[in-house]
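The values are calculated or read from the model by the stated rules, or taken from the named source; none is laboratory data. Everything numeric in this text was worked out from a predicted model, so none of it was measured. Because the Cβ atoms are built from the backbone with ideal geometry, glycine has one as well, and the counts that use them run over all protein chains shown. In case anyone asks, the SASA skips ligands and DNA or RNA and just uses the protein heavy atoms, side chains included. Shrake-Rupley method; radii C 1.70, N 1.55, O 1.52, S 1.80 Å.
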Amino acid sequence: MASWSGTVLAIFALLLNIVLLSQARATPATPKSSSSICPTAVFTFADSLSDGGNRDIEAGGGKTLSGRYPYGITYGKPTGRYCDGLVIPDLLLQKLRLDNLGTPSLKYNGTEFESLNFGYAGATVIKVENQPYSSPHVLSAQVDDFVRHQEFVEGRYGRQASKPWYENALYSVEIGGDDINFGLPLGGGYVINVTIPAVIQGLADGIQKLYAHGARHVVLYNMPRADCSPNYLQSFQQYPAGTFHYDKDGCIVEIAQIISYLNTNIQRLSEELTQKYQGLTVYYFDWFAANTYVLENMKEFGFTNSLQSCCGGGGKFNCDGEGLCGCAPLNQTNAAYTVCKDPSKYFTFDGIHYTEHFYEIMSEYIMAGEYITPKVKLEMGCKVVTVPESPL
């Protein structure tokens, strides 16, 4: 995610309209009956919250912050993930017994059918200009990478043989948050009138192309509680009291309202796509609601700190300084920081990205079909076993 910069006041004039529109459009369709699916693979299209290492690999390996200590401290070594350990796609693969660790797409050039993570830190749905942390690997580019991989598999095993593999895979789409983060400095009006409509159209186009290439089970994530992130909380300290507001959990009301407006549109999109394309189900994962429940019951889940960064540069939210562990987005590897003794007690690891413990809880919800509409449970044991190519 990106850090907040620019004016807060530009957002507020639209807040009442946002709330009214959200209320008018938030009525969900009647969910389908509970069911289950047994994925043959998991294909991930994402930003830094689910990046399996592509951003670091692209930079040469170990040259971005995510490829260096303290990232990976819980896992035992840095892996290119913006986390102390594993992220949701990895945890789902383990629970589904599909793999021990998610494979970043840049790391794989084979012709076998297997789960791949096409996500990149800084990735957006729509192309973003003049943002040093953004990635050119927007959603459409990630989908194109998937199609190229699929062509290699089909070239070896044949289209008809591999067709059911792709139709029974799970497609995880977790992207769009950085579009909001990068757009907010341009003002609330820009985000509402330009960014969000473009994001929704881009998501629709991406999922439509995945459908054309066999996708039948898509999990579409909404945006989680960035309004509670230490990065935003720290950045807003520069503004006078009264220009923004905190909710009962200590999160920024005005940011939450914009996120809620985006999420309402994402939910409606998931329903529309499910109705439009025969055989397709877009499962809407209400990450915002799941995040809220854990936040408001954090002691039950072993958390002691929801608003401070585990790794940071000090200050009220442990989010002063430069570099991600100081909560700024740039790859300043000489950033001064301290690391908490137990990341599992914290929601966020670096003030922007979450801890493995938080992701573990979210992955359990996804497996059980909680906070997912229509409700669906994920079953393990359907990995496709093929004969690997013989070495030359």
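Structure values in brief
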{"quantity": "So TYR337, is it in contact (Cβ under 8 Å) with a residue 24 or more places away in the chain and over 19 Å from the mean Cα position of the chain (by Cα)", "calculated": "yes"}
{"quantity": "Meets criteria (in contact with a helix residue (DSSP H, G or I) (Cβ under 6 Å, 6 or more places away or on another chain), without any contact (Cβ under 8 Å) to a residue 60 or more places away in the chain and not basic (Lys, Arg)) for THR304", "calculated": "yes"}
{"quantity": "Residues within segment 90-102 that are modelled with pLDDT of 95 or more, open to solvent by less than 30 Å² (accessible area, probe 1.4 Å) and either within 21 Å of CYS310 (Cβ to Cβ) or assigned to a loop (DSSP other than H, G, I, E, B) (or both), tallied", "calculated": "4"}
{"quantity": "Hey, ALA215 of a type outside the set (Asp, Glu) and out of contact with any strand residue (DSSP E or B) (no Cβ under 8 Å at 6 or more places or on another chain) or not", "calculated": "no"}
{"quantity": "Qualifying residues in segment 21-72 (those that are modelled with pLDDT of 85 or more and β-branched (Val, Ile, Thr)) - the one surrounded by the most Cβ atoms within 10 Å (Cβ to Cβ)", "calculated": "THR44"}
{"quantity": "Odd one out for SER135 among (1) open to solvent by 20 Å² or more (accessible area, probe 1.4 Å); (2) in contact with a helix residue (DSSP H, G or I) (Cβ under 8 Å, 6 or more places away or on another chain)", "calculated": "(1)"}
{"quantity": "For SER140: the one exception among (1) touching a helix residue (DSSP H, G or I) at 6+ places or on another chain (Cβ under 7 Å); (2) part of a helix (DSSP H, G or I); (3) buried (at least 20 other Cβ atoms within 10 Å of the Cβ)", "calculated": "(3)"}
{"quantity": "Selection count where residues are part of a loop (DSSP other than H, G, I, E, B), more than 17 Å from the chain's Cα centre (by Cα) and in contact (Cβ under 8 Å) with a residue 24 or more places away in the chain, scope segment 266-301", "calculated": "3"}
{"quantity": "Subset of segment 143-155 [touching a residue at least 60 places away in the same chain (Cβ under 8 Å) and surrounded by 15 or more Cβ atoms within 10 Å (Cβ to Cβ)]", "calculated": "VAL143, PHE146, GLN150"}
{"quantity": "Criterion violated by GLU322 - all others in (1) outside any strand (DSSP E or B); (2) among the charged types (D, E, K, R); (3) in contact with a helix residue (DSSP H, G or I) (Cβ under 9 Å, 6 or more places away or on another chain) satisfied", "calculated": "(3)"}
{"quantity": "When residues of segment 224-256 are limited to those that are aromatic (Phe, Trp, Tyr) and touching a residue at least 60 places away in the same chain (Cβ under 8 Å), the one nearest to PHE288 (Cα to Cα)", "calculated": "TYR232"}
